[in-house]
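K.L.:
Just passing along the structure, written as structure tokens.
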Amino acid sequence: MIKSAALKRGSPVNQDLDLSGNLAFMFSWLLVSALGLLPLFDETLSRDPTPSASALIVFFVAVGSAAVLRRHYSWVGVVMHVFSQIFMWLSVFCVSLAGVLYTTG
């Protein structure tokens, strides 16, 4: 029934299953989350945690994934994607930095 309704509209059944867009979306969120945990890695190397390198990487990952996803979403969705990735990195980074500072005294 769903297949026949989709064929009547002239659209393929798997139109929403864009593998490249979904992989770019998932990989960018995974990378941003991992970069938020960078202060924990910096602590194991016995160096001061710095946000500058990871902030630069997160910005370009967010903008790059938005460029890939712009054909699937409206401009509002793309802007929300960029801002949410940056804010998500910032919150995870602050929590992991607070944890490192708490454990080191």
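Rule-based calculations on the coordinates, nothing more; no lab input. Note that this is a predicted model, so its numbers are computed, not measured. Neighbour counts run over all protein chains shown; Cβ positions are idealised from the backbone, glycine included.
K.L.:
When only Cα pairs under 8 Å and 6 or more residues apart are kept, what is the percent relative contact order across region 20-104?
P.N.:
Numbers: 69 pairs, mean separation 38.8, N = 85.
Value for region 20-104: 46 percent.
K.L.:
Sticking with this one: Between residue 26 and residue 79, what length in nm is gained on full extension when 0.36 nm per residue of separation is reduced by their alpha carbon distance? List each step's numbers first, then the result.
P.N.:
Details: separation 53, 0.36 × 53 = 19.08 nm, distance 1.68 nm.
The span from residue 26 to residue 79 would gain 17.4 nm if fully extended.
K.L.:
As a footprinting exposure proxy, order 18, 42, 48 by other Cβ within 10 Å, with the fewest listed first.
P.N.:
Starting with the residue having the fewest Cβ neighbours, the order is 48, 18, 42.
K.L.:
With no solvent and one equal point scatterer placed on each C-alpha of region 20-104, evaluate the Debye formula and give log10 I(q)/I(0) for q = 0.12, 0.18 Å⁻¹, two decimals.
P.N.:
Taking Cα atoms of region 20-104 as identical point scatterers yields -0.38, -0.72.
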